[in-house]
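*Asks:* Before I ask anything, here is the structure I am working with.
None of the figures in this text is laboratory data; all of them are computed from the coordinates on show. The structure displayed is predicted, hence computed values, not measured ones. Because the Cβ atoms are built from the backbone with ideal geometry, glycine has one as well, and the counts that use them run over all protein chains shown.
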Ligand SMILES: Nc1ncnc2c1ncn2[C@@H]1O[C@H](COP(=O)(O)OP(=O)(O)O)[C@@H](O)[C@H]1O
Ligand SMILES: [Mg+2]
């Protein structure tokens, strides 16, 4: 078997005295999707920032196609063909769509030693790539800050998809998207996988992860709760692990006691309890 | 015996002062002799004295000579000099005075460019029994503050001298070009000019010394806008130098006068492009206060007799520019 | 500087992709122009120029231009560099002190060694060494800011103090004075003085055909802008109609005849001027008629006829606005006629009768013309006929004002020059109202027409600039005989233009420019997508030091000596100029051209005050007001621009 496209071994990350990640190991193969799941603060973003070169790991090693690498900056990772959609999107609000799209990798024309940006091509490609995502950008000169949240996310995703030569990393790309655009992103992920890219897809929505993922790494409070192949885990187990059954139960109780005089809250608590029951049942007897 | 020498020195200095208040720049050599005589004096008496000179000085041509005078005097007297320039920041000057008092200074020389702000702090020093002299600016306030005397030039008198000079040059309308805004000393120079000058005077701020080309452009635009100006008095040495080129640009022949001394202005007086400069002989404003403080502390002398000691105006003109030049090169004029 | 960007598109589908989107309201040429960051500064510069041109005799002439350009050049070089840095999100408070430091350093390096001397190097060595020093300081600033993450404000403040201390200390150490001098003693001076100290003396360049060439270029330039605007604002016909061409040709011939006849009467165009009317009226009429006929001819030739003229109607607000306009204009005129034009009595703080009269009349005229134009703009969308009526009315009002000024003004400038300019403006307003009445306005982009229109407009503006440059650079022999003043244009102006253009191109057209915007707008994001953020910022700091080096050389070669405090504190003027030019103080938005224009505004304000004969005590009050206005206008324009998207 050839070495995985991107592999991380025993990665730990500390921010000063805050321990964000401890001993994480997983990999992504070309043509596969590795999903990283976990609650808020689980350390998902910290992990992918290490993969993208934006942060450096405190401990552990990274391999690209079997070769050990150390990324000093995102540029290093990009040069290795690793493109990332950050959770905060990494766009510059005051700059136009096409300038954001090509930021850091501007297409140029040259005349002798003088090189300048090929604005025409940049503008056209940006518009085309956005159109592929089903977003019809009115004018690529529009400042990204004036786009809607979903449009902005689409810019970041289209950009990464366009530049991700080997690995595409997406940090909660669907969080601000409507149903249709979420579908488009999932389709994108599948397309990228078919093109032979390795995709790392971060989400806290197991319903999005399940249909596209080949591997699932579940993080909780900076630790790995398990790293499963798709055939090692069921959808409902995944959902159960994600939701952290015990915590859900606790939440239900809390809601019940708080809802003593509040009808709405009481309704909510009831719903919660039902859902919990159903989940447990399904996890125990997978269909 | 030693004491007698000191008294001799004191007398010599008083004579210099008298010379300064009366007339032109011929006294420079006398000042130098003064420095020379101090060299064989026994300095043991002053060895542990510290005098503070707290001024609104910047790092321009003018104040560097004051500082040089003070340093030379301190070396000659064998006292320690603390030189605190405030770069026209009254707040800092007040703090420096307070710091000097706190440090237990033996004597204080203060320039009062901003009397309202700095006056109370200086007065506090005098009240605390510290010998106090005002230098350069403060001729109207020194008595009220309890200073022994003032060492400087009154700007109005200096301006008067410039006015007479322009009369003799036959100018009819003089631009009084100021390099600072709201500096009362510079305004008084223009006011003094107006008092004695027979023609008309326009007083304008023409930009600061830190922007020499801007000054030149502003003077030439004033000349272009008013065809009747035929004389320019720069209230600083750089302004007068800039005025030369500005007059060429405006296609005019003007009589140009300046205040204070710089290498450039001396060269231009030598070449005849500038008619004169009013010299307040600022070396004395550094040198004398140290000597006077020394004498007051060690010998309880109080000079001036209740009147200010004037260090100027002296004039540098084509007649005496050659001799002055050598002293300028030495950094004492 | 980059208003013309339209390389050919490959095919129709692409054009569709690039332009066609029904959700995108079509933005006409003026609105598109308004979204540029430097537009506020451009308008500001124009307003200030016009203002001082009105109130002073010399300001509007070559003597005035030589004067304020001299000040603008060195300020502008720094303002452009500081603008780049500001767009990149940083400040450099050491920039001012650096100008003096490099100037001093080069002199210290060349003056002969001795007890009080320098290093005695050749300028061929000293200048590269000084440049290396400047680059080093910039590198230091950038690296410290990047490595420590401290505010550049604090870091460069330290550099500032280090520099002013070092300047003074070394000057005294080496020469025992606070001024270092004697650059011309260095070997290689003769060569380098041409690079940094050359000047163009206008008096030595005589060109008697100047005014003819000037007039010629202005007329062609005007025509180019005019046709360009028509291309940009009207819908093309399917097939061009050749008869229109004949009409247009006749119109152009008539207009040219008018210009030719006015050559000596039309002070605005050719400089010479007279108060006499008479045969001039004939030529003026020929000119006006010619322009109108030519415009209509071109319309018939190229553009669709208008399909719906609408009917004349004015909404309540529009009616009210027009009433207000008429009210103020009548009041202003009444005041102007009643008050004595030559009375210099003071009516109040700083205000003479004359001044009051000018202010009331000027205010009335500006409001009286602006409001109807806004009304015409608004109503014209629905009803071209309303636009036509309002614009024609406005143009008649302007004609009225022109005659009022001619009869009431005491100065020749107002009676002749302002009079002619107002009539020309009235003509333009009339045509601007007439064309939409006859031809279909454009509601969608048309790549070919847009390209042609922009090209023509750019060509026209280029011709204007060329014409003005020729007038500024050359004297006629008559003028040379009559004038005593020596007009020098220093090479700093050329350096300024080169630097500003280069900076603009780099900013708008290169990777580095893109990165500059990015690191200023969102540094973290820029870094995350692979922009070498630290390097970009360091290079920006180095750009500022190189600009300071350039200014230092210009200063040293001009004065031959540099005093230790030269340049200290000037950095605030650079920052002000950059802000006045529309650059965002917090970074990420702006333009190099804006910085250049900001410097020009500052220079014109500083120099305009003495030209206007104002007391210089008000200098900073004026600067403060300009700064405030500039910031307000920029803010307004940016908001408008973003809304219009
Ligand atoms: N730059 C940082 N400095 C300090 N702590 C951080 C930093 N970034 C993240 N953290 C902490 O690390 C933990 C993991 O954060 P993150 O990776 O963003 O979680 P997730 O993306 O899974 O929601 C959180 O507790 C967060 O507060
Ligand atoms: Mg996250």
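*Asks:* Per-residue mean of other chain beta-carbon atoms within 10 angstrom of the beta-carbon, peptide A:106-115? Could the numbers behind the result be given before it?
*Replies:* Values: counts 7, 1, 3, 2, 0, 0, 0, 0, 3, 4.
Rounded to a whole number, the mean comes out at 2.
*Asks:* Given the Cα-Cα distance of residue A:270 and residue A:165 and 0.36 nm per residue of separation, how much length would full extension add, in nm? Let's see the in-between values first.
*Replies:* Details: separation 105, 0.36 × 105 = 37.80 nm, distance 4.83 nm.
Extra length available between residue A:270 and residue A:165 comes to 33.0 nm.
*Asks:* Let me ask something additional. Can you give the FRET efficiency for residue C:412 and residue C:305, using 1/(1 + (r/R0)^6), R0 = 51 Å, r = Cβ-Cβ distance, to the nearest 0.05?
*Replies:* Values: r = 46 Å, r/R0 = 0.89.
In this case the efficiency is close to 0.65.
*Asks:* Moving to a separate point now. How far is it, in nm, from the label point at residue C:46 to the one at residue B:195 when both lie 7 Å from their Cα along the line to the Cβ?
*Replies:* For the pair residue C:46/residue B:195, the computed spacing is 5.3 nm.
*Asks:* Still on this model: What FRET efficiency, computed as 1/(1 + (r/R0)^6) with R0 = 60 Å and r the Cβ-Cβ distance, is obtained for residue C:285 and residue A:108, rounded to the nearest 0.05? Don't jump to the answer; show the numbers that get you there.
*Replies:* Values: r = 55 Å, r/R0 = 0.92.
E between residue C:285 and residue A:108, to the nearest 0.05, is 0.60.
*Asks:* Which of C:312, C:557 has the fewest other C-beta atoms within 10 Å, and how do the rest follow up to the most?
*Replies:* On the way: C:312 13, C:557 25.
Fewest to most other Cβ atoms nearby, the residues stand as C:312, C:557.
*Asks:* Per residue of A:77-84, what is the mean number of Cβ atoms on other protein chains within 10 angstrom of that residue's Cβ?
*Replies:* On the way: counts 2, 3, 1, 0, 0, 0, 2, 3.
Neighbouring Cβ atoms belonging to other protein chains average 1 per residue here.
*Asks:* Let me ask something additional. Going by average Cβ density within 10 Å per residue, which order do the peptides C:91-104, B:90-103 take, highest to lowest?
*Replies:* Numbers: C:91-104: 29.8, B:90-103: 17.4.
Listed from highest to lowest mean packing, they are C:91-104, B:90-103.
*Asks:* Sticking with this one: For chain B, modelled as a GNM with alpha-carbon contacts under 10 angstrom, which of B:111, B:86, B:228 fluctuates the most?
*Replies:* Looking only at B:111, B:86, B:228, the largest GNM fluctuation is found for B:228.
*Asks:* Could you work out how much longer the chain between residue C:381 and residue C:242 gets when fully extended? Use 0.36 nm per residue separation minus the Cα distance between them, nm to one decimal.
*Replies:* Details: separation 139, 0.36 × 139 = 50.04 nm, distance 2.90 nm.
Gain on stretching residue C:381 to residue C:242: 47.1 nm.
*Asks:* Rg (Å, one decimal) plus Dmax (Å, integer) for the alpha carbons of segment C:315-437?
*Replies:* Cα only, segment C:315-437: 15.9, 50 Å (Rg, Dmax).
*Asks:* On to the next question. Which translational diffusion coefficient, to the nearest whole µm²/s, is obtained for the protein assembly as shown from the Stokes-Einstein equation, given a Kirkwood hydrodynamic radius over C-alpha pairs, 37 °C and 0.692 mPa s?
*Replies:* Values: Rh = 36.1 Å.
The Stokes-Einstein estimate is 91 µm²/s.
*Asks:* Using only the alpha carbons of chain C, what is the convex hull's orientation-averaged projected area in square nanometres? The partial results should precede the final answer.
*Replies:* On the way: hull surface 132.1 nm².
About 33.0 nm², averaged over all directions.
*Asks:* Next question. In whole Å, how far is the Cα centre of segment B:48-99 from that of segment B:122-160?
*Replies:* 15
*Asks:* Okay, moving on. Go ahead and collect, in residue order, the members of segment C:587-623 whose backbone nitrogen is under 16 Å from a label point 7 Å along the Cα-Cβ direction of residue B:181.
*Replies:* Backbone N within reach: C:602-623.
*Asks:* Same structure again: Using alpha carbon centroids, what distance separates segment C:295-318 and segment C:592-626, in Å?
*Replies:* Measuring centre to centre over Cα atoms gives 42 Å.
*Asks:* Determine, for B:52, B:150, A:55, the number of other Cβ atoms within 10 Å of each Cβ, and report the residues in order from fewest to most. Walk me through the numbers on the way to the answer.
*Replies:* Working: B:52 24, B:150 27, A:55 18.
Least crowded to most crowded, the residues run A:55, B:52, B:150.
*Asks:* Separate question: Within 10 Å of each residue's Cβ, count the other Cβ atoms and sort B:143, A:49 from fewest upward. Before the final figure, lay out each step's value.
*Replies:* Working: B:143 16, A:49 22.
If I rank by nearby Cβ atoms, fewest first, I get B:143, A:49.
*Asks:* Along its three principal axes, how long is segment C:111-239 when you only count alpha carbons? Whole Å, largest extent first please.
*Replies:* Computed over the Cα atoms, the extents are 81, 50, 23 Å.
*Asks:* Partner chain Cβ atoms within 10 Å, averaged over the residues of C:59-68 - can you pull that number for me? Before the final figure, lay out the partial values.
*Replies:* Values: counts 3, 0, 1, 0, 7, 3, 0, 5, 9, 2.
Partner Cβ neighbours, averaged per residue: 3.
*Asks:* Let me ask you something else. Which FRET efficiency, nearest 0.05, do residue C:359 and residue B:127 yield, Cβ-Cβ r, R0 56 Å?
*Replies:* Numbers: r = 54 Å, r/R0 = 0.97.
The pair residue C:359/residue B:127 has a calculated efficiency of 0.55.
*Asks:* Let me ask you something else. Under the definition of Cα pairs under 8 Å and six or more residues apart, what whole-number percent is the relative contact order of segment C:315-437?
*Replies:* Relative contact order here is 24 percent.
*Asks:* Which order do the peptides C:517-523, C:224-230 come out in when sorted by mean C-beta neighbours inside 10 angstrom, highest first? The partial results should precede the final answer.
*Replies:* Working: C:517-523: 27.0, C:224-230: 20.1.
The packing order, highest mean first, is C:517-523, C:224-230.
*Asks:* How high is the relative contact order of segment A:6-243, in percent, with contacts defined as C-alpha pairs under 8 Å that are six or more residues apart?
*Replies:* Details: 464 pairs, mean separation 70.0, N = 238.
RCO, segment A:6-243: 29 percent.
*Asks:* Per 0.36 nm of contour for each residue apart, how much would the distance between residue C:208 and residue C:347 grow if the chain were fully extended, relative to their Cα-Cα spacing?
*Replies:* On the way: separation 139, 0.36 × 139 = 50.04 nm, distance 4.74 nm.
Additional length available on full extension: 45.3 nm.
*Asks:* Take the alpha carbon atoms of segment A:148-198, find their center, do the same for segment A:74-89, and report the distance between the two centers in whole angstrom.
*Replies:* 13
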